[in-house]
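Scroll down for the structure; my scribbles are underneath it.
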Amino acid sequence: MKSDPFTVQQIFQDRRQYRVPFYQRAYVWTKANQWSRLWEDIRDKADAMLQGDDPVAHFMGAVVLEQQQKPGLLGVERLHIIDGQQRLTTLQYVMTALQHILRQLEQPALLPLVDGCLVNGNPDTMEEKEVERFKLWPTFRDRDQFVSGMTATTMEDFRVRFPDSFTQAKRLKMIGVKHPPTLEAIIYFRDAMLEWAGDTRDFDLPSRVMALAKAVLTKLKIVCILLDKEDDAQVIFETLNGHGAELHATDLIRNFIFMRAGSDAADLYKNVWSQFETDLWSEKQSRGRLNRPRLEWFVQSAVQAETGEEIDIGRLYAGYRRFVDADVALHGAAPQLALLNRYGEHYKALVTGKGSKPIAAFGRRISPWDASTVHPVSLRVAASDLSAAAQNDIFGCIESYLVRRAICGLSRKNYNKVFAQHLKKLMEADLDPKAFRAALAEPMGEASRWPRDEEFRHHWLESAIYPGRLDAAKLRALFHQLETAMRSEKSEEPVPLAMDALDIDHMLPQSWYTHWPLADGTKVSFQESQTAAPFQFSILSKDERTTAILARQQHIARMGNLTLAQYGVNRSLQNHGFVEKQRAFFDHSHLQLNRAFTKGTAWDEAAIQARGEMLFGFARSIWVSPAAV
């Protein structure tokens, strides 16, 4: 390993190209975080030189470079940027801005020096003239905008090439637009340089331009670390970046893969890995206190689906390396990417719920049920050779397990261990729906049991569901499936539309005192209901009125009393009596869920119990019993 300090001119004056490898991240430096401070350093050096001083060069840090073997006589010297692409790319933008103002201010004497740091000469001896002409060649994500920006010679060129970034008055838009970084950086440095050079009160324009050029070319220094053949670029990359706050585990994983890609790197990146660079995969997803890009959660799930072993998300990169190193068949980039691509399609369907595959339908149904712990086993099933029917059977078991335990108020605490165990069982035996159902139904204690019909029915009918066991999203999802099951083939709309916009309604309202008398016809005040409340925990005998008040309160949050209603209907009739609410449901609701309200002549505890029983009949068939054959 060799390390030496170089000025900007020394770094870029030779006929060579600095390439950003495929595994590197996109350009991310900004005005607020880096550009403005760099400009201040350049300006300070230029000011000092105008005063006749010879300031100490500003140190910009280090870059790590890896020499690439030149296959033949043609072509320029190539070096891969292992670390430091942000610095070198920014310096190219700075010099392009300097090139622009030299032309605009008609100071051509210095142009050859600047041009020589931006463009390689003698194109006739290049293999790829359109690529090798540039001193720096970015990764795929930045390439198009980089070429457009670096080859623009006037402001009009910028306006033509980046039309969305300019107003009709030909000014750069300031609000509501995210400009391509190449354009924004060049324009920022250009404008700052023009403003500084134009201040000719104490020094003439040629003097100011000369000082500016010298500050850029000779007073910015970078230590270039050139790796020897025996140096491991992978280790260097990890050492320099392993503790960076913005570096994600998947950045290191991408690096790990493409260090092994060889000559196929470009095709593999474009045709396989590039799909993982979209917003879907970079979007942050929270699980408990952890907030990570979706791509990290996917890689964790994919590795677990393949190995059956739990992977700590905090040590994802190390876990991924162990997984690959343990399997000779995965040592190359192509098989690793093939595996990730195969699981990626299923994971995308699972988390978006889009598509016709069984895992997509499963994803739509379980999205409200805090079910990320079932992702690995779900991927294993989806990637198997099982038929769609068999996959649906297994997914139905998983969904029933989650829903029944939620209704019964059982803990989700150990789901990761439960489904990790069942994933291993799937891997150890033939993948079979009956075997999976039997394994999931096997009693393993309170923390993992799958409730049978008796327990499920008891809590369905008698527990406080909302508010209580389920949140609004889960209850809407549950009602959507009930409504679908209740519709016949003769229904105008056999599958209901999404119900996310509907309100959850208690037919017997939570504030029932004014319009809902007890069975004996007497009304109850709020204060009287509060007085009765503590007696629900008492073992002492209660009078009939207290018993009736408590029974009324307990039935409000039960499943039989819950439904969905259009926002306006619910809000206008929240606490009204049965007759008014029944008329509103009759006039406005087409849901099968609400048929019981429109047919009856009264709504009381017995009616709530009866509707709960009716709904349970459908629930038992939707969320199958562990004892089902």
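Descriptive notes on the structure:
- Filtered residues of segment 21-43 (kept if under 10 Å from Pro138 (Cα atoms) and touching a Phe, Trp or Tyr at 6+ places or on another chain (Cβ under 7 Å)): Pro21, Phe22
- 3 or more residues buried (at least 21 other Cβ atoms within 10 Å of the Cβ) and either modelled with pLDDT of 95 or more or of a type in the set (Gly, Ala, Ser) (or both): qualifying helices (runs of 4 or more DSSP H) within segment 363-456: 375-382, 388-407
- Scope segment 321-362; condition among the β-branched types (Val, Ile, Thr) and open to solvent by less than 10 Å² (accessible area, probe 1.4 Å); matching residues: Val324, Ile359
- Lone unmet requirement of (1) closer than 23 Å to Val351 by Cα; (2) open to solvent by 20 Å² or more (accessible area, probe 1.4 Å); (3) not charged (D, E, K, R) for Trp297: (2)
- Of residues in segment 131-161 being open to solvent by less than 20 Å² (accessible area, probe 1.4 Å) and in contact with a Gly (Cβ under 8 Å, 6 or more places away or on another chain), the one farthest from Leu74 (Cα to Cα): Phe158
- Residues located in segment 607-629, provided they are open to solvent by 30 Å² or more (accessible area, probe 1.4 Å), of a type outside the set (D, E, K, R) and farther than 10 Å from Gly560 by Cα: Gly617, Phe618, Ser621, Ile622, Val624, Ala627, Ala628, Val629
- Extreme residue, modelled with the lowest pLDDT, among residues of segment 215-259 that are surrounded by 16 or more Cβ atoms within 10 Å (Cβ to Cβ) and basic (Lys, Arg): Arg254
- Subset of segment 541-568 [part of a helix (DSSP H, G or I) and among the charged types (D, E, K, R)]: Glu544, Arg545, Arg552
Yes or no, residue by residue, for (1) closer than 18 Å to Leu91 by Cβ; (2) touching a helix residue (DSSP H, G or I) at 6+ places or on another chain (Cβ under 6 Å):
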| residue | (1), (2) |
| --- | --- |
| Gln168 | no, no |
| Ile175 | no, no |
| Ala185 | yes, yes |
| Phe189 | yes, yes |
| Leu194 | no, yes |
| Ala197 | no, yes |
| Thr200 | no, no |
| Pro206 | no, no |
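- Segment 71-96, residues that are touching a helix residue (DSSP H, G or I) at 6+ places or on another chain (Cβ under 6 Å) and open to solvent by 50 Å² or more (accessible area, probe 1.4 Å): Leu74
- Restricting the search to helices (runs of 4 or more DSSP H) fully inside segment 115-192 and requiring at least 2 residues that are over 30 Å from Phe258 (Cα atoms) gives 155-161.
- Pairs meeting the criteria (first residue in segment 429-456 and closer than 13 Å to Asp393 by Cβ, second residue among the charged types (D, E, K, R) and not in a loop (DSSP other than H, G, I, E, B), beta carbons under 9 Å, at least 6 apart or on different chains) are Leu431/Arg380; Pro433/Asp393; Lys434/Asp393; Ala435/Lys425; Phe436/Asp393; Phe436/Lys425; Arg437/Asp393.
- Failed item in (1) farther than 25 Å from Lys219 by Cα; (2) in contact with a helix residue (DSSP H, G or I) (Cβ under 6 Å, 6 or more places away or on another chain), with Gln68 passing the rest: (2)
- The test for being modelled with pLDDT of 90 or more, of a type in the set (D, E, K, R) and open to solvent by 70 Å² or more (accessible area, probe 1.4 Å) does not hold for Lys542.
- Looking only at residues in segment 580-596 that are under 28 Å from Glu454 (Cβ atoms) and more than 37 Å from the chain's Cα centre (by Cα), the one that is least open to solvent (accessible area, probe 1.4 Å) is Ala596.
- Residue list for segment 283-321, restricted to those being in a helix (DSSP H, G or I), farther than 15 Å from Asn255 by Cα and not small (Gly, Ala, Ser): Arg294, Trp297, Phe298, Gln300, Val303, Gln304, Glu306, Thr307, Ile313, Arg315
- Matching residues in segment 113-130 - criterion: being open to solvent by 60 Å² or more (accessible area, probe 1.4 Å) and among the acidic types (Asp, Glu): Asp124, Glu127, Glu128, Glu130
- Within segment 500-535, if we keep just the residues that are touching a Leu at 6+ places or on another chain (Cβ under 7 Å), touching a residue at least 60 places away in the same chain (Cβ under 8 Å) and assigned to a loop (DSSP other than H, G, I, E, B), the residue that is surrounded by the fewest Cβ atoms within 10 Å (Cβ to Cβ) turns out to be Trp516.
The values are calculated or read from the model by the stated rules, or taken from the named source; none is laboratory data. Owing to the predicted nature of the structure, the values given are computational and were not obtained by experimental measurement. Note that each Cβ is placed from the backbone with ideal geometry, even for glycine, and that neighbours are counted across all protein chains shown. SASA here: full protein model, heavy atoms, side chains in, ligands and nucleic acids out. Shrake-Rupley method; radii C 1.70, N 1.55, O 1.52, S 1.80 Å.
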